[in-house]
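Following: one structure in structure tokens, then a few remarks.
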Amino acid sequence: MNDSENVSFGKPKATGALFVAPAGTTLPTNATDALDGAFAGLGYVSEDGLVNGVETDVEDVFAWGGDNVLSDQTTFAEMFTYNLIETNVEVAKLYYGEDNVVVDGDNITIKANSKPLPKIVFVAELVLTGNRIKRIVVGNGKIVDRSGEITYVDGEPVAYPINLKAFPDTDGDTHKEYITTVSSS
């Protein structure tokens with residue numbers, strides 16, 4: 001049966017929506033437990049929000065006469081893309097690599113180079129309709145594509161384009177989702 005209460009926007013939690021931590025950090029296993037202290041909030045995300053994409057390739061087998069008689073998935077890749085619009089230490093560490101960011105009081109020095117970024121864990125926290133919250137957990141991720149443009153122009157925020165590839169964890173899952181209803185207060 002249709003239920004409009006299950007239709008929702010993907011709104012960020014007011015306390016922050018995107019968090020990252022070093023690989024190996026203890027992951028949440030539900031939608032409500034506090035995140036491990038190693039997680040850092042990434043601040044505001046552009047109005048484009050968080051996009052979860054999946055790419056698959058399929059191999060088709062055709063019988064004599066042209067009928068497609070079998071199809072099988074041959075590859076699977078999942079990614080999360082977003083544009084961070086705060087210029088802060090945590091965003092700099094994520095985008096350029098922790099070893100390329102030096103903080104000295106109020107001063108931040110960033111080195112841009114071609115060094116590969118390390119694997120990370122990633123959590124997104126969303127507010128759904130009906131007092132529900134959703135937590136997306138990527139236990140084995142890596143920023144693999146920073147090829148978008150950082151534009152400095154009047155009237156638009158400086159945005160850092162992120163493409164996080166989600167690799168399979170020890171269970172073979174590229175991400176897990178937890179949804180629960182919370183009491184309204």
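The values are calculated or read from the model by the stated rules, or taken from the named source; none is laboratory data. Remember, predicted model here, so these are calculated numbers, not experimental data. Cβ: placed from backbone, ideal geometry, glycine included. Neighbour counts: every protein chain shown. Keep in mind that these areas ignore ligands, DNA and RNA; they rest on the heavy atoms of the full protein, side chains included. Shrake-Rupley method; radii C 1.70, N 1.55, O 1.52, S 1.80 Å.
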Item to complete: Could you pull out the residue among 70, 84, 94 that is in contact with a Gly (Cβ under 8 Å, 6 or more places away or on another chain) and of a type in the set (A, V, I, L, M, F, W, C)?
Response: 84
Practice prompt. Go through segment 127-150 residue by residue and tally those that are free of Cβ contacts under 8 Å to residues at least 60 places away in the same chain and in contact with a Leu (Cβ under 6 Å, 6 or more places away or on another chain).
Written response: 1
Worksheet item: Taking segment 1-22 only, how many residues are touching a strand residue (DSSP E or B) at 6+ places or on another chain (Cβ under 7 Å), within 10 Å of residue 126 (Cα to Cα) and open to solvent by 50 Å² or more (accessible area, probe 1.4 Å)?
Response: 4
Worksheet item: Among the residues of segment 127-163, which ones are part of a loop (DSSP other than H, G, I, E, B) and either touching a Phe, Trp or Tyr at 6+ places or on another chain (Cβ under 9 Å) or within 30 Å of residue 6 (Cα to Cα) (or both)?
Response: 129, 130, 131, 146, 148, 150, 157, 158
Worksheet item: Take the residues of segment 105-126 that are without any contact (Cβ under 8 Å) to a residue 24 or more places away in the chain and in a strand (DSSP E or B): which is surrounded by the fewest Cβ atoms within 10 Å (Cβ to Cβ)?
Response: 107
Discussion item. Looking only at segment 27-49, count every residue that is without any contact (Cβ under 8 Å) to a residue 40 or more places away in the chain and either out of contact with any Leu (no Cβ under 9 Å at 6 or more places or on another chain) or open to solvent by less than 50 Å² (accessible area, probe 1.4 Å) (or both) and tell me the total.
Written reply: 7
Item to complete: Only one of these is within 23 Å of residue 47 (Cα to Cα) and surrounded by fewer than 16 Cβ atoms within 10 Å (Cβ to Cβ): 151, 181. Name it.
Response: 151
Worksheet item: Within segment 78-97, is even one residue assigned to a strand (DSSP E or B), open to solvent by less than 40 Å² (accessible area, probe 1.4 Å) and touching a His at 6+ places or on another chain (Cβ under 9 Å)?
Response: yes
Practice prompt. Please specify each residue of segment 58-77 satisfying the condition of being assigned to a strand (DSSP E or B) and either of a type in the set (A, V, I, L, M, F, W, C) or surrounded by 10 or more Cβ atoms within 10 Å (Cβ to Cβ) (or both).
Written response: 58, 59, 61, 62, 69, 70, 71, 76, 77
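Evaluate the following for residue 55: is it among the charged types (D, E, K, R) and at pLDDT 95 or above?
Here the answer is no, as residue 55 does not meet what is asked.
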